[in-house]
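Okay, so here's the structure we're looking at.
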Amino acid sequence: MIIIQLAGGLGNQMFQYALYLQLKSLGKDVKIDDRTGFEHDMQRSPALAPFGITYETATAGEVERMLDASPRVRDKIRRKLCGRNKKSYFEADKRYKPEILSWDDIYLEGYWQTEKYFGGASEEVRRAYDLEKLLRYVRAQDCEEKYRMGTRGDNILQKEEQEPEQETLFEKYLAQITLEESISVHIRGGDYLLPENQKLFGGICTEAYYKMAMEQMKKEHPHGRFYLFTNDKQWTMQQIIQGGQILQGEKAGDVEIIDLGGQSDYQEFILMSKCRHHILANSSFSWWASYLNGNPDKTVYAPDRWLNGWDCTDFYRKDMQRIAANSGETEETTIHE
């Protein structure tokens, strides 16, 4: 049996489940542990169900046996005397390791952020991440929220009059993005800007990177309109739009920050994936949104580094072009077969 740990945010879980599908396609006995990875992460939880995804879940006993983590006293004593006898592998670096696909009887802990881990099951992966199913889920959630307001005795008409855009904003953006030469720009601020994360993420997706990428995108798609997706709107306004003077001389309407009035990862993921072209952050969220974009002529720009101090060559796809933030030049991604 192989057990894959589910952990991290939506994009990371999508990579983990994609590896699950690849191993299943190879005839492996595979299960997912969707508990252990969230025991000490209070901000995240299993996030794949809105796609209509199901998987075989590892039991607590199966995880304990694989990790030699039995709480029984005699097992604790044995581990203290003889050490832990785990059957596990922790992703030690970011390069693709094909041998992982041949292993059995192992617990896999990591993010597996390359399409090479699911290349043989790519069609299954695309079917699993059905954006139309996700769209139906989002719309159903909106209806359910309206129903809950009504059952609490609220005046629904009054509520709609007070916040008319709240219920229709997502649909408005969706219509615009679908009809226009839309370009998503993913700007990851927030936790990426914390001092403890700067060693890993700092100096990659800078103001210079976004300015260069957007200028190059405008040359290729002169009628394009930029939609900025960010978890830090204040920083984006100050550093990217105002401080960076993006697209100086262009009309203000050529750039719009997506603001849905609250946190809605699924809504933002749908909108981002429906854009025709993409400027990525070094984030699995925008990696997947651009991957699921069905436009055969899409342009996808990514930073020339993904993480500081790591070889992330395998993160890049053949349809990506890398932007060197210090030079403004684009270069074709090096693909390792």
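The values are calculated or read from the model by the stated rules, or taken from the named source; none is laboratory data. No experiment lies behind these values; they were computed from the predicted model shown. Note: ideal-geometry Cβ built from the backbone for every residue, glycine included; neighbour counts use all protein chains shown. When the accessible area is computed, the model is the full protein with side chains, heavy atoms only, and any ligands, DNA or RNA have been set aside. Shrake-Rupley method; radii C 1.70, N 1.55, O 1.52, S 1.80 Å.
At a probe size of 1.4 Å, how large is the accessible area of Arg126, to the nearest 10 Å²?
90
Gain in length, Lys86 to Glu181, computed as 0.36 nm per residue apart minus the alpha-carbon separation, to one decimal in nm?
Gain in length upon complete extension: 29.0 nm.
Report the FRET efficiency, 1/(1 + (r/R0)^6), for Glu39 and Asp93, where r is their Cβ-Cβ distance and R0 is 22 Å, rounded to 0.05.
According to the calculation, E is roughly 0.35.
With a 1.4 Å probe and all protein chains in place, put Asp259, Asp68 in order of accessible area, largest first.
Asp259, Asp68
Per 0.36 nm of contour for each residue apart, how much would the distance between Met1 and Asp105 grow if the chain were fully extended, relative to their Cα-Cα spacing?
Gain on extension, Met1 to Asp105, equals 37.0 nm.
Suppose R0 equals 35 Å; then what is the FRET efficiency for Lys24 and Glu171 from their Cβ-Cβ distance, rounded to the nearest 0.05?
Between Lys24 and Glu171 the formula returns 0.45.
Given the protein chains as shown and a 1.4 Å probe, how many square angstrom of Ser273 are accessible, to the nearest 10?
Accessible area of Ser273: about 0 Å².
What is the extension gain from Asp297 to Glu56, computed as 0.36 nm multiplied by their sequence separation minus the C-alpha to C-alpha distance, in nm to one decimal?
Once the chain is fully extended between Asp297 and Glu56, it gains 83.1 nm.
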